[in-house]
Amino acid sequence: MAPKSYMRVENVTKKFGPFTALNGVDLDVYPGEVHALLGDNGAGKSTLVKLLFRSYDVLGGTILVDEQNIANVTLKSLRESIGIVPQDTVLFNESIFENIRFGNPAAADDQVLEAIKLAHLDDFIRELPDGSDTVVGERGLKLSGGEKQRVTIARTILKRPAILVFDEATSSLDSKSERSIMEALNKISRGYTSLIIAHRLSTIVNADKIVVMDHGEIVEQGSHSELLEMGGRYSDLWIAQLR
Ligand code: ADP
Ligand code: MG
């Protein structure tokens with residue numbers, strides 16, 4: 001089992017040209033906590049995820065993982081400790097099985113099969129003529145967005161990173177595959193330091209902390225009940241959804 005990591009975002013600012021995508025963001029994700037990030041399109045959620053993974057190198061402020069500034073660690077070790085299920089998943093044109101094993105090339109077949117189960121991919125794979133040996137096609141185009149994301153979840157399960165980050169799928173998933181994805185995520189994130197970006201409120205109610213972003217800033221954070229009590233943005237969203 002991977003050690004539990006502590007992630008700290010300190011006064012992080014990111015600009016694209018004159019446009020400020022993140023403005024002085026502070027966030028603490030304590031070891032083993034699951035945080036859910038919420039916000040309209042363009043709020044800056046994916047930008048924060050990309051900074052964590054150092055897809056962008058330039059940043060104002062600091063991101064620390066286990067008290068180490070991520071700017072000072074090698075990309076290799078950073079990417080070993082953080083596992084990201086991105087918004088747009090890219091797969092290799094190989095079998096589903098090998099795409100998953102990529103998360104941990106040393107994994108035994110049994111472990112890959114276990115990851116397939118945890119990611120709720122087994123029913124889908126059973127219906128394929130070649131099962132998990134099915135080749136996914138150039139850039140995974142033969143699979144739907146939700147299926148690709150579950151392949152990436154299985155890959156991440158196998159990798160068992162100390163920090164798990166999940167960015168919602170762009171394509172509107174049907175509610176059945178969204179439910180499968182969220183069940184898989186809930187299972188694997190529990191007890192792991194995790195940051196989960198999701199639209200549907202029902203999937204994030206149980207997060208240790210819900211963080212609401214707007215125009216590059218954190219505008220509210222707290223547990224579901226704390227935010228309801230506060231009567232702000234989250235509580236408005238919650239009430240709107242109950243209707
Ligand atoms: P979210 O994931 O919350 O929908 P993003 O982090 O993707 O939002 O984007 C935040 C803002 O930054 C958006 O206005 C977006 O257009 C802008 N943005 C993101 N990436 C880039 C980029 N590479 N170049 C220019 N603008 C960008
Ligand atoms: Mg996004």
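Can you find even one residue in the stretch 88-97 that is within 22 Å of residue 25 (Cα to Cα) and surrounded by 16 or more Cβ atoms within 10 Å (Cβ to Cβ)? Break it down into steps so the answer makes sense when it comes.
First, pick out the residues of the stretch 88-97 that are within 22 Å of residue 25 (Cα to Cα): none.
So far as the stretch 88-97 goes, no, none of its residues is within 22 Å of residue 25 (Cα to Cα) and surrounded by 16 or more Cβ atoms within 10 Å (Cβ to Cβ).
Hey, can you tell me all the residues within the stretch 209-238 that are out of contact with any helix residue (DSSP H, G or I) (no Cβ under 7 Å at 6 or more places or on another chain) and either open to solvent by 80 Å² or more (accessible area, probe 1.4 Å) or among the polar types (S, T, N, Q) (or both)?
215, 221, 223, 225, 226, 229, 230, 233, 236
Suppose we keep only residues that are under 22 Å from residue 237 (Cα atoms) and among the polar types (S, T, N, Q) within the stretch 40-68. Which one would you say is farthest from ligand 2 (Cβ to nearest atom)?
Only one residue tops the list, namely 41.
Can you list the helices (runs of 4 or more DSSP H) found entirely within the stretch 137-243 that contain at least 1 residues being within 22 Å of residue 7 (Cβ to Cβ) and modelled with pLDDT of 90 or more? Reasoning before the result, please.
Details: elements: 145-159, 175-189, 224-230, 233-242.
In the stretch 137-243, 145-159, 224-230, 233-242 are the helices (runs of 4 or more DSSP H) which contain 1 or more residues that are within 22 Å of residue 7 (Cβ to Cβ) and modelled with pLDDT of 90 or more.
Is there any pair with a first residue in the stretch 37-48 that is farther than 9 Å from residue 215 by Cβ and a second that is open to solvent by 30 Å² or more (accessible area, probe 1.4 Å) and not acidic (Asp, Glu) whose Cβ atoms are under 7 Å apart and which are 6 or more apart or on different chains, and what are they?
Listed pairs, sorted by first residue: 46/87.
Given the criteria farther than 25 Å from residue 191 by Cα, more than 15 Å from ligand 1 (Cβ to nearest atom) and in contact (Cβ under 8 Å) with a residue 12 or more places away in the chain, does residue 91 qualify?
On the way: farther than 25 Å from residue 191 by Cα: yes; more than 15 Å from ligand 1 (Cβ to nearest atom): yes; in contact (Cβ under 8 Å) with a residue 12 or more places away in the chain: yes.
Yes, satisfied.
The values are calculated or read from the model by the stated rules, or taken from the named source; none is laboratory data. Owing to the predicted nature of the structure, the values given are computational and were not obtained by experimental measurement. Because the Cβ atoms are built from the backbone with ideal geometry, glycine has one as well, and the counts that use them run over all protein chains shown. With ligands, DNA and RNA removed, areas are computed over all heavy atoms of the protein, side chains included. Shrake-Rupley method; radii C 1.70, N 1.55, O 1.52, S 1.80 Å.
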